[in-house]
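Here the structure is laid out as structure tokens; the discussion comes afterwards.
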Amino acid sequence: MKTLLIQTTKELINYRNSLPNDSIVGLVPTMGALHNGHKSLIEHSRKTDSHTIVSVFVNPTQFGQNEDFSKYPRNIDKDFKLCEESGVAVVFAPSANEMYLKNDEITLRAPKNMGYIYEGFIREGHFDGVLSIVLKLLHLSLPHHAYFGQKDAQQLLIVKRLVQDTFLPTKIIPCPTQRDPDGLAMSSRNIYLSDLQRKEALKIPAGLSRIAKAIKEGETKTSILIELAKIELTNLDVQYLDICDYNLNSITHIQKDSSIALIAAKVGQTRLLDNLWI
Ligand code: AMP
């Protein structure tokens with residue numbers, strides 16, 4: 001199967017309509033600069049779905065004014081090649097005008113609690129933008145499955161809420177975080193890091209490993225777990241470090257299979273996210 005590059009919504013709708021009724025369609029939404037984290041999502045879809053659609057779109061509405069929208073890494077040729085090699089059916093790479101047609105568009109609001117704490121507190125309106133683009137992509141590709149990384153835990157939980165609250169038939173499939181051999185979670189933004197900054201950044205997975213180890217040894221109190229992580233995080237510009245449930249409410253004691261430790265930290269100008277699903 002030859003990978004198609006589609007750049008307009010009309011063509012994507014036509015493509016979707018042309019698929020046989022028994023097709024199983026998977027969608028992998030990305031902002032491009034694809035790495036092995038993205039590739040693992042694609043591989044999940046390739047195992048499950050007859051047709052995988054990868055969207056590559058740096059979504060302007062999820063970036064704040066002083067964020068890195070204009071300098072966010074873009075390399076569609078390289079991304080297309082990775083998709084081709086991974087057996088992707090369609091790379092959907094629209095322009096911003098294609099996705100946001102009108103000046104006075106309907107806008108979505110993320111849930112008041114889930115959408116406006118942690119990432120949503122620091123990046124106000126970020127999840128409104130994420131939900132707008134995800135909803136559009138889901139409508140255009142009508143996938144059976146859509147794949148999201150656990151690396152962006154809050155995004156994953158809010159997108160699940162979107163599908164639940166608007167009765168969309170797509171199943172959201174969470175995929176585990178892929179890490180480089182040194183333990184740093186893969187991210188398109190890691191290329192901003194100097195060698196020295198990368199060393200600093202490794203304090204983040206070290207902090208999370210500390211939490212994981214203490215939990216294994218029987219600790220359940222989140223205040224103690226957080227203090228332990230802080231030992232690893234000394235001198236790092238931590239924006240938030242907390243342990244919460246799947247509704248993103250802070251908790252005092254962890255519960256197996258329903259808690260997450262979340263961390264965001266700035267290394268130089270680069271914001272990095274990581275987490276531990278407990
Ligand atoms: P992005 O291009 O950064 O918007 O990410 C697109 C999708 O890939 C999101 O669902 C991310 O959670 C997921 N993703 C990004 N990095 C990783 C990673 N290291 N491991 C697994 N999934 C990831």
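The values are calculated or read from the model by the stated rules, or taken from the named source; none is laboratory data. Quick caveat: nothing in here was measured; it's all calculated off a predicted structure. Glycine gets a Cβ as well: all are built from the backbone with ideal geometry, and neighbour counts include every protein chain shown. Remember, those area values only see protein heavy atoms, side chains included, never the ligands or the DNA or RNA. Shrake-Rupley method; radii C 1.70, N 1.55, O 1.52, S 1.80 Å.
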Response to the item:
Measuring from the longest principal axis of the C-alpha atoms of the chain, the long axis of helix 153-165 (C-alpha) lies at a number of degrees, nearest 10, equal to 50 degrees
Discussion item. Please report the antiparallel percentage of the DSSP beta bridges confined to the chain, to the nearest 5.
Written reply: 50 percent
Practice prompt. Give the accessible surface of segment 4-175 per residue, rounded to a whole number of Å², with probe radius 1.4 Å and ligands, DNA and RNA excluded.
Written response: 50 Å²
Worksheet item: What percent do you get for the relative contact order of segment 1-160 when only Cα pairs under 8 Å and 6+ apart count?
Response: 34 percent
Discussion item. Can you tell me how segment 4-175 classifies by the Cα gyration tensor, rounded, prolate or oblate, using a/c under 1.5 as the rounded cut?
Written reply: rounded
Fill in: For the chain, calculated [θ]222 nm from helices alone, where every DSSP H run of n ≥ 4 adds -39500 (n - 2.57)
-11000 deg cm²/dmol
Practice prompt. Using per-residue counts of other Cβ atoms within 10 Å, averaged over each peptide, order 4-13, 164-173 from highest down.
Written response: 4-13, 164-173
Practice prompt. Among the listed pairs Lys2/Lys39; Lys2/Lys102; Lys203/Lys256; Lys2/Lys81; Lys39/Lys81, give every one whose C-alpha distance is greater than 22 Å.
Written response: Lys2/Lys102; Lys203/Lys256
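How many Å² of accessible area per residue for segment 193-270, probe 1.4 Å?
Per-residue accessible area for segment 193-270 comes out at 53 Å².
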Practice prompt. Please give the helix 222-232 orientation as an angle from the longest Cα principal axis of the chain, in degrees from 0 to 90, rounded to the nearest 10.
Written response: 90 degrees
Worksheet item: Just by accessible area at a 1.4 angstrom probe, what is the order of Met186, Met99 from largest to smallest?
Response: Met186, Met99
Worksheet item: Can you list the GluC sites (Glu not before Pro) in segment 97-205 that are in a DSSP coil and have 14 or fewer other beta carbons within 10 angstrom?
Response: Glu105, Glu124
Item to complete: Give me the percent of the accessible area of the chain that comes from carbon and sulfur atoms, probe 1.4 Å, all protein chains in place.
Response: 51 percent
Practice prompt. Return one number: the angle in degrees, 0 to 90 and rounded to the nearest 10, between the long axis of the Cα atoms of helix 126-141 and the longest principal axis of the Cα atoms of the chain.
Written response: 30 degrees
Discussion item. Highest mean first, how do 46-56, 80-90 rank when packing is the count of other Cβ atoms within 10 Å averaged over residues?
Written reply: 46-56, 80-90
Discussion item. Would segment 156-278 count as rounded, prolate or oblate if I go by the C-alpha gyration tensor, calling it rounded below 1.5 in a/c and otherwise prolate when a/b exceeds b/c, oblate otherwise?
Written reply: oblate
Worksheet item: So what are the ³J(HN,Hα) numbers for segment 185-194, from phi and the Karplus equation (6.51, -1.76, 1.60; θ = phi - 60°), rounded to whole Hz, Gly and Pro as x?
Response: 4, 5, 7, 4, 7, 4, 5, 6, 7, 6
Practice prompt. Using the Cα centre as the reference, give the magnitude of the dipole from point charges on the C-beta atoms of the chain (Lys, Arg: +1; Asp, Glu: -1; all else neutral), rounded to the nearest 20 debye.
Written response: 180 debye
Practice prompt. May I ask you to list the GluC sites (Glu not before Pro) in segment 209-277 that are in a DSSP loop and have at most 16 other Cβ atoms within 10 Å of their Cβ?
Written response: Glu217, Glu219
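Just want to confirm a number: the relative contact order over segment 193-270, from Cα pairs under 8 angstrom separated by 6+ residues, in percent.
Normalised by residue count, the contact order of segment 193-270 is 33 percent.
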Worksheet item: Normalised by the number of residues in the chain, what is the relative contact order in percent for Cα pairs under 8 Å and 6+ residues apart?
Response: 17 percent
